[in-house]
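These notes are about the structure you will find just below.
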Amino acid sequence: MHGSRSWMRDPRVYQILVLASLLAYGVFALDFEIGAGRASLLVGTALLTQLAFTRLWHLPAFDPKSALISGLSLCLLLRTNSAALAILAAAITIASKFVLRVRNKHVFNPTNFGLVALMLATGRVWVSPAQWGNAAFLGFLLACLGGLVVNRAARSDVTYAFLAFYLAILFGRALWLGQPMAIPLHQLASGAFLIFTFFMISDPKTTPDTRAGRILFALLVALGAGCVHFVLYRPNGLLLSLAFLSPLVPLLDRLLPGERYVWRGASAVARAVDPAPSLREERRFA
Amino acid sequence: MRRLLVAVLATAALATAAGTALAFCGFYVAKADAKLFNQASQVVLVRDADRTVLTMANDFKGDPKEFAIVIPVPTFLQREQIHIAERALLDHLDAYSAPRLVEYFDENPCQRYLEKAMAAPVPEGVAGGALGRSARDRSLGVTIEARYTVGEYDILILSAKESNGLETWLIENGYRIPHGAYRVLGGYLKQGMRFFVAKVNLKEQSKLGFTYLRPIQVAYESPKFMLPIRLGMVNANGPQELFVYALTRQGRVETTNYRTVRLPSDAEVPLFVKDEFASFYKSLFSQQVKRQDMRTVFLEYAWDMAWCDPCSADPLSADELRQLGVFWLDRGGDNPSGAQNVFLTRLHLRYDSEHFPEDLSFQQTADRQNFQGRFILRHPWTGSDRCEAAQTYRRGLPKRFEQQAETLASLTGWDVNKIRSKMNLKAGTTVPADGDPWWKKIWN
C-alpha cells in the first residue's frame, strides 16, 4: 500500500489506539454513561463532517485520523441526554477547524471548542471529570507517557511545560493551605486531566509556532485553569481556560513567528499526487 | 471508507432505538432507608445558580450537653440565613428516595401462550458576653462575628487570624475538637471561610420540648458547591456514612472530584430477601464499597420530584420542599399535587481520610434520566394447568432460581451455598419451597 510506512509514523495512529482502548475500557468496565450507539454517533458524525468539508474545500484526500481523534475524545468527555446535541457537538467540533481560522491556521482545538461551545450555549451538555477509576487512570497515564517516548512528537514541549506549571499550581496551593500532598495527587488522578494534557493542549495544529510561544501559552492556560478552579470555583477549568485563551495563539504567532507544523506522514499521499499546492492544503486542514 | 461510515451510523441508529424505558416498575414492597446505617449524617443541598440552602442532620443520640458542631461556611451568615428544620422533612425525603424492593407475580403461562399479543410486564451553651473572655478571644486572634440563638441552638459565626488560635479557642470553649485539627482549619481560614459553630441551649431546648436535635439549615450565596468533610475525619473511628440529597432545578448532581457510580439496580433476587431486605441492603452496600475500593460515591436515586414509580413514599409537597429551602418554587401558584422543577439526587458514600482526602465538590448536570435503586422479587406461577407452555415454564424455573442465588451472592458477598439452602435449592432438585406446591412432586 502506498504510504503505509508514513501511516505508521504518524503519531495520531498511536493516539487513536490509546483513545479507543480507553473508551472500550470505560464502556465495558467502568460506569461510563455512554453506550456503543452514542459512541458511534459521535465518531460517525465527526468522520462525515470531515468528509463533507474535504469535498467542499476541494481537498486532495480525505484523512480520517484527526477527525477520529476528535470523535473519540468527544466520546470520552461529552455527556448529554440528547442525541441531536451529540450530533451537533461532533459537527461543530470538526467544522470549527475549517471555519474558525486566522492566517490559515485553525484557532481552537476542535474537541475543546465543540465541548465548551455546547456547554456554554445549551446548558444541556456536561463533562464528568471524575468518572475514571484509579486503575484506568494509571493505565492511561502510562499510555500517554509511552506516547511521548514512541512518537518523540515535535511539540511535546507544550505538554511538559503545561505539566510543570499546573503541578506547580496544585502543589503550591496545597503547601500554602497546609494540606496533605494526598490532595493535589488526588486532583491530578483524573482521566479528563490526562486527555487534556496529552491530547488537547498538545495539539500541534493549534499551539504557537515557536517554543517560547508554546511555553508562554502553557503557562497562561495553567494559570487560567487554576483561576477557574480555585478563584471562581467552577468545574472544567482546563477546558474553559484553553477555549478562552486559544484566540491568543495568532497573536503569539505574530509576536514570535515560526514554522507551521505538518503531521508526519499526513502529507505523503498528497505529495505523491500533486506535490506543491496540495501540500499547502494538507498543512491547512489536517 | 464510505461503507464503514454507513455501518457505523446503522449501529448508532439501532442502539438508540433499543434504549426504551420501562414504564411499569413493579409493586412496592419494602425500602432500605438511611436509618439502617450507624453514624450516618444526612445533608440536603438545595442549589440553583450560586445560591445554596444546606440542611444538616445527624443521628446524635448522646447527652445534648455534649453536642457541638463546627462547620466551615463560605460566607458570613446573618440571623435570617439560619433556620431550624423539622426532622420529619428529612425522614420523608429519605423514605421517598430509599432503595426499594418490588415484586411481580408471574402469570399463568398457559394463558400467556394463548394470548401471545399481551405484553408481559418486564420485569453548645457558649459562655459569651464576659469582657475577660473577649480579651482572650482577641489574644487568640479569634473574632466572634455574630452570636445567635436559633431554636434550641446557640450559634456563633467565627473568623480567625490563624488556625492554632482557633483550635485553642474552640477547645477552651468546650468544643470537642481533636488536637491536630488546626492543620485542616488553617486551609479553610486561608480560603476566607468562616466557621459556623453550634451548641445546644438546654434552656431553649426544654422550653421547646424537643427530645431530639432538629436539623440546622443555613442559606448562603457562593460559587462553592461543596461539602467540607475533612474536619470530621480528623479523629474519626473508622469510616463514616453520609447521605447527600441534592435538590436542583436542572438535573442530576454528581461529585466532580470522586467517581459517582450508579448502585447496582433492577436485579432479580430470591424471595426470602423480602423478610431481610434491611440486612440485604446493608451487605450489598458494603460489598459495593469494597468492590470500588471505597473510592466512589454511589448514586441511589435520581428522579423528578413530581412523581415516582413505584413509590416508597409520596413525593414531597411544595410546602415541604419550601421548608427544605427550595427557593424557586412559585409561592402564589400552589400546586398541592407535587412540585415542579425540582430534581432529586440521592448520593450515598462511606468515607475515611485515606480514601477521601479532599472535600466533596459537586456539579449539577443536565441529566434528567430517572434512576432508582430497585430490587425485584418475582413470584413463580403456582397454578396446576398442564399445557405445553406450563411444562416449559416449570422446566425453566430451576435455572432462574439458581440465577437469582448467584446474583444475590455477587451483590452482597454472601455465601452462595447458604443462599441456596435458604431457597431450598439442592443440587439436582432445585425446586424452591415457595415455587411449586409440595404435592406436585409426588406423582410427577
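The values are calculated or read from the model by the stated rules, or taken from the named source; none is laboratory data. Predicted model, so just to flag it, every value in this text is computed and none were measured. Positions of Cβ are backbone-derived with ideal geometry, glycine not excepted, and every protein chain shown enters the neighbour counts.
A few notes on this one:
- Within the set B:192, B:187, B:141, the sole residue that is surrounded by 15 or more Cβ atoms within 10 Å (Cβ to Cβ), small (Gly, Ala, Ser) and over 29 Å from the mean Cα position of the chain (by Cα) turns out to be B:141.
- Taken over the stretch B:197-240, the residue count meeting the criterion of being under 22 Å from the mean Cα position of the chain (by Cα), more than 14 Å from chain A (Cβ to nearest Cβ) and of a type outside the set (A, V, I, L, M) is 9.
- Selection status of residue A:208, surrounded by 19 or more Cβ atoms within 10 Å (Cβ to Cβ) and within 24 Å of residue B:190 (Cβ to Cβ): no
- In this structure, residue B:198 does not satisfy being farther than 30 Å from residue B:378 by Cα, assigned to a strand (DSSP E or B) and out of contact with any Phe, Trp or Tyr (no Cβ under 7 Å at 6 or more places or on another chain).
- If you go through the stretch A:250-269 and pick out every residue that is modelled with pLDDT of 60 or more, under 21 Å from the mean Cα position of the chain (by Cα) and among the hydrophobic types (A, V, I, L, M, F, W, C), you end up with 4.
- Taken as a whole, the condition of being more than 24 Å from residue B:258 (Cα to Cα), modelled with pLDDT of 90 or more and either out of contact with any strand residue (DSSP E or B) (no Cβ under 7 Å at 6 or more places or on another chain) or not β-branched (Val, Ile, Thr) (or both) applies to residue B:404.
- Spans of strands (runs of 3 or more DSSP E) in the stretch B:1-99 with at least 3 residues buried (at least 16 other Cβ atoms within 10 Å of the Cβ) and either within 14 Å of chain A (Cβ to nearest Cβ) or modelled with pLDDT of 85 or more (or both): B:40-48, B:51-58, B:68-73, B:82-84
- Qualifying residue in the stretch B:243-253 (condition: within 14 Å of another protein chain (Cβ to nearest Cβ), farther than 25 Å from residue B:83 by Cα, at pLDDT 90 or above and in contact with a His (Cβ under 8 Å, 6 or more places away or on another chain)): no
Yes or no, residue by residue, for (1) within 14 Å of another protein chain (Cβ to nearest Cβ); (2) surrounded by fewer than 19 Cβ atoms within 10 Å (Cβ to Cβ):
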{"residue": "A:73", "(1), (2)": "no, no"}
{"residue": "A:77", "(1), (2)": "yes, no"}
{"residue": "A:86", "(1), (2)": "yes, no"}
{"residue": "A:112", "(1), (2)": "no, no"}
{"residue": "A:126", "(1), (2)": "yes, no"}
{"residue": "A:143", "(1), (2)": "no, no"}
{"residue": "A:147", "(1), (2)": "no, no"}
{"residue": "A:164", "(1), (2)": "no, yes"}
{"residue": "A:170", "(1), (2)": "yes, no"}
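- Flag for residue B:177 being modelled with pLDDT under 80, farther than 25 Å from residue B:210 by Cβ and β-branched (Val, Ile, Thr): yes
- Hey, residue A:120 within 14 Å of chain B (Cβ to nearest Cβ), surrounded by fewer than 21 Cβ atoms within 10 Å (Cβ to Cβ) and at pLDDT 90 or above or not: yes
- Residue count for the stretch A:178-206, restricted to those that are within 24 Å of residue A:30 (Cβ to Cβ) and within 14 Å of chain B (Cβ to nearest Cβ): 12
- Qualifying position, being in a helix (DSSP H, G or I) and within 14 Å of chain A (Cβ to nearest Cβ), among B:189, B:170: B:189
- Residues of the stretch A:1-59 satisfying the condition of being of a type in the set (Phe, Trp, Tyr) and modelled with pLDDT of 85 or more: A:53, A:57
- Residue match in the stretch A:94-105 (condition: within 11 Å of another protein chain (Cβ to nearest Cβ) and under 15 Å from the mean Cα position of the chain (by Cα)): no
- Subset of the stretch A:37-55 [crowded, with 17+ Cβ neighbours inside 10 Å, hydrophobic (A, V, I, L, M, F, W, C) and either within 23 Å of residue A:81 (Cβ to Cβ) or over 17 Å from the mean Cα position of the chain (by Cα) (or both)]: A:39, A:41, A:42, A:43, A:46, A:48, A:51, A:53
- With respect to the conditions (1) more than 10 Å from every other protein chain (Cβ to nearest Cβ); (2) aliphatic (A, V, I, L, M); (3) crowded, with 21+ Cβ neighbours inside 10 Å; (4) under 30 Å from residue B:355 (Cα atoms), residue A:90 falls short on a single one, namely (4).
- Residue in the stretch B:118-127 that is at pLDDT 80 or above and either charged (D, E, K, R) or within 13 Å of residue B:217 (Cα to Cα) (or both) present: no
- Counting the residues of the stretch B:245-285 that are crowded, with 21+ Cβ neighbours inside 10 Å, within 17 Å of residue B:365 (Cβ to Cβ) and aliphatic (A, V, I, L, M) gives 3.
- Scanning the stretch A:11-43 for residues that are under 29 Å from residue A:155 (Cβ atoms) and at the interface with chain B (Cβ under 9 Å from one of its Cβ atoms) gives A:39, A:42, A:43.
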